[in-house]
Ligand SMILES: Nc1ncnc2c1ncn2[C@@H]1O[C@H](COP(=O)(O)OP(=O)(O)O)[C@@H](O)[C@H]1O
Ligand SMILES: [Mg+2]
């Protein structure tokens with residue numbers, strides 16, 4: 001609120017109060033301008049119409065004093081203020097001042113405006129072009145730009161705003177705080193997330209700090225602790241599998257048993273081979289009799305063929321949302337609830353040790369993309385856990401009804417609210 005800098009970053013963890021402070025800040029700016037007799041337009045921007053409609057706009061409507069003007073949907077959303085613009089000689093133009101409200105789904109949404117101040121919410125999700133536009137929309141007025149946001153990734157917000165401030169550039173100011181610093185944020189949630197989330201992600205999401213995802217995708221994978229000597233899989237508990245199709249690349253299937261007492265998942269077997277036929281995959285699956293197999297959705301045709309011509313009726317399409325899937329596996333590793341049979345899952349273990357993010361670029365930004373190699377068994381594993389389906393498909397298995405029914409009876413509801421497992 002007190003910053004005199006032209007570009008201000010207000011960076012906090014989720015639900016830290018950014019949107020609230022953004023709305024208050026803009027009203028405060030408008031009031032100051034009004035008192036000084038400065039007239040003109042303003043802008044509220046959000047990365048998507050959803051964020052705009054669900055956060056920035058309702059919050060602003062709540063804070064905006066009713067006697068300043070009114071909200072208009074047509075022709076394009078804006079607040080019309082009760083006062084009018086003056087030309088450079090101080091003569092009234094009769095043209096009302098406005099607060100434009102725009103979602104930047106369309107990068108040209110704010111072309112041609114000239115703004116006395118801009119408030120941009122959740123800027124971490126905006127493209128580089130947004131930042132260029134904010135500067136040009138205020139280049140004549142030299143008005144301030146408040147950027148509120150959670151640090152999502154190492155993008156322009158990090159490079160051009162945060163780093164410029166760090167480097168001592170006087171045009172920039174950054175204020176950072178944690179979710180917990182908001183008095184209405186619940187401490188239990190903070191503590192729960194701290195316990196269950198990887199540290200880099202926690203510091204980013206709840207700490208409001210820029211952290212870089214780099215190095216290994218699964219740094220929690222600890223061979224000493226997570227590899228166990230093979231044992232015979234008991235008839236109780238759930239057996240399920242994940243499948244990643246390949247041809248020149250390996251086809252990978254991982255088989256998992258859930259210990260119903262400890263809720264630990266044991267990856268007890270993998271199938272890992274290139275240039276095999278569907279019937280070989282089917283033979284492996286039919287041998288291990290998983291209650292369900294979740295497979296790569298890109299290969300819908302192969303899934304259909306396995307189901308119809310090879311008797312693999314329990315095969316289903318996986319949910320391929322990658323980030324969430326990786327988080328789920330990481331959480332299971334952190335909780336030490338995912339273990340691996342020694343010498344039966346070598347390729348999977350090898351992939352855990354090599355799967356990594358692309359190195360950051362020289363300017364400190366990073367795409368945070370994962371190097372798309374060494375990930376066949378890992379993808380299969382991610383698919384296996386991609387839906388909290390325990391037991392949903394158990395009735396489709398051909399043989400061994402007794403143990404299946406028994407397993408179904410012991411099926412448990414998801415125990416962890418974050419992973420669903
Ligand atoms: N200073 C504050 N004191 C108490 N509650 C606050 C404060 N700032 C915001 N809140 C409340 O906290 C919740 C999250 O605020 P919001 O501005 O939506 O956070 P963010 O945009 O960071 O996710 C809202 O219910 C809001 O009313
Ligand atoms: Mg918000």
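Could you please find all residues in region 275-289 being buried (at least 18 other Cβ atoms within 10 Å of the Cβ) and not in a helix (DSSP H, G or I)? Passing the criteria: none in range. Checking each residue of region 104-114 against the condition of being touching a strand residue (DSSP E or B) at 6+ places or on another chain (Cβ under 6 Å) and modelled with pLDDT of 95 or more gives no match. Listed by position, the strands (runs of 3 or more DSSP E) enclosed by region 5-99 that each have at least 2 residues that are farther than 30 Å from residue 194 by Cα, in contact with a strand residue (DSSP E or B) (Cβ under 6 Å, 6 or more places away or on another chain) and more than 16 Å from ligand 2 (Cβ to nearest atom) are 41-46, 69-72, 78-86. The one condition from (1) surrounded by fewer than 18 Cβ atoms within 10 Å (Cβ to Cβ); (2) under 23 Å from residue 338 (Cα atoms) that residue 213 does not meet is (1). If you go through region 114-127 and keep only what is part of a loop (DSSP other than H, G, I, E, B) and buried (at least 18 other Cβ atoms within 10 Å of the Cβ), you end up with 122, 126.
Condition check for residue 173 on (1) part of a helix (DSSP H, G or I); (2) away from ligand 1 (no atom under 16 Å from the Cβ); (3) in contact (Cβ under 8 Å) with a residue 60 or more places away in the chain: one failure, at (1). Out of 224, 244, 229, one residue alone is away from ligand 1 (no atom under 16 Å from the Cβ), more than 21 Å from the chain's Cα centre (by Cα) and without any contact (Cβ under 8 Å) to a residue 24 or more places away in the chain. It is 224.
In summary, residue 157 fulfils each of the numbered conditions (1) more than 16 Å from ligand 1 (Cβ to nearest atom); (2) in contact with a strand residue (DSSP E or B) (Cβ under 8 Å, 6 or more places away or on another chain) with the single exception of condition (1).
Out of the residues in region 320-343 that are surrounded by fewer than 16 Cβ atoms within 10 Å (Cβ to Cβ) and in a loop (DSSP other than H, G, I, E, B), state the one that is nearest to the chain's Cα centre (by Cα). Across region 320-343, the extreme among qualifying residues is 321. Of all residues in region 160-181, those being touching a strand residue (DSSP E or B) at 6+ places or on another chain (Cβ under 8 Å) and surrounded by 16 or more Cβ atoms within 10 Å (Cβ to Cβ) number 12.
The values are calculated or read from the model by the stated rules, or taken from the named source; none is laboratory data. Just so you know, these numbers come straight off a predicted model, no measurement behind them. All Cβ positions, even for glycine, are placed from backbone atoms using ideal geometry, and neighbour counts span all protein chains on display.
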